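No value in this document is a laboratory result; all are computed from the given coordinates. Nothing here was measured: the structure is a model prediction, and the numbers come from that model. Every residue, glycine as well, gets a Cβ built from its backbone with ideal geometry; the counts of neighbours run over all protein chains shown.
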Amino acid sequence: MEPRRKKMAETELIVGPGKREVTIRRTFDAPRDLVWQACTDPELIPRWWGPEDLTTTVDEMDVRSGGSWRIVQRDAGGNEYVFFGAYREIAPPKRIAETFEFESMPGHGLLETDTFEDLGGRTMLTTHLVFRNAEDRERMLQAGMKEEMAGTMDRLAALLANLIVRRRPIPVR
């Protein structure tokens with residue numbers, strides 16, 4: 001049976017039935033080095049990572065093989081949602097492999113691998129998620145993962161567009 005492919009805006013989710021994996025793919029109108037920077041700079045992460053209605057804070061982000069990361073999100077009521085993991089592989093500007101855990105659900109983490117493909121001024125970001133089991137993956141999908149990922153990728157695209165505008169030299173008249 002072919003995997004389900006769901007296109008939301010410009011974000012593609014590939015979900016194979018009964019598997020532990022999800023692949024998310026998006027092409028950005030930005031050079032690879034800028035997409036890499038947006039995904040690894042703790043100053044930029046809060047501007048795009050996660051749902052728009054939450055405030056995101058990077059508590060820790062040691063982007064190197066063996067380093068760790070921790071991100072806290074807060075809703076309007078002050079509730080905190082903590083995510084953390086360890087970097088297994090960092091290969092600038094091509095690949096990041098890391099663990100990903102939600103503090104409120106110990107034992108249900110996943111392995112995330114991001115690849116950054118240079119398309120000559122554009123970049124295809126492919127995120128491959130491997131859950132511990134198919135049930136964990138299905139729970140995430142049922143909890144709104146598809147819509148959340150599409151919104152997050154839209155926010156990343158908007159940030160990249162803003163960064164590109166700021167990088168352009170001002171024409172001399």
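Report the convex hull volume per residue for the range 4-166, counting only C-alpha atoms, in Å³.
Working: hull volume 18.1 nm³, N = 163.
Roughly 111 Å³ of hull volume per residue.
Projecting the Cα positions of GLY120, VAL82, MET145 onto the charge dipole of the range 70-156 (unit charges on Cβ atoms of Lys, Arg, Asp and Glu, taken about the Cα centre) puts GLY120 furthest along the positive direction.
Among GLU135, GLU98, which comes first, second and so on when ranked by fewest other beta-carbon atoms within 10 Å? Walk me through the numbers before you get to the answer.
Values: GLU135 11, GLU98 21.
Lowest count first: GLU135, GLU98.
In this Cβ point-charge picture (+1 for Lys and Arg, -1 for Asp and Glu), the chain has a dipole of about 700 debye about its Cα centre. Over the chain, dividing the summed -39,500 (n - 2.57) contributions of all DSSP H runs of at least 4 residues by the number of residues returns a 222 nm mean residue ellipticity of -7500 deg cm²/dmol. For the range 25-49 and the range 79-95, what is the centre-to-centre distance using only Cα atoms, to the nearest Å? Cα centroid of the range 25-49 versus Cα centroid of the range 79-95: 13 Å apart. Please grab the % of Cα pairs in the range 27-101 that end up more than 20 Å from each other. The answer is 33 percent, as a whole percent.
For the range 89-149, taking Cα atoms only, Rg and Dmax work out to 13.6, 41 Å respectively.
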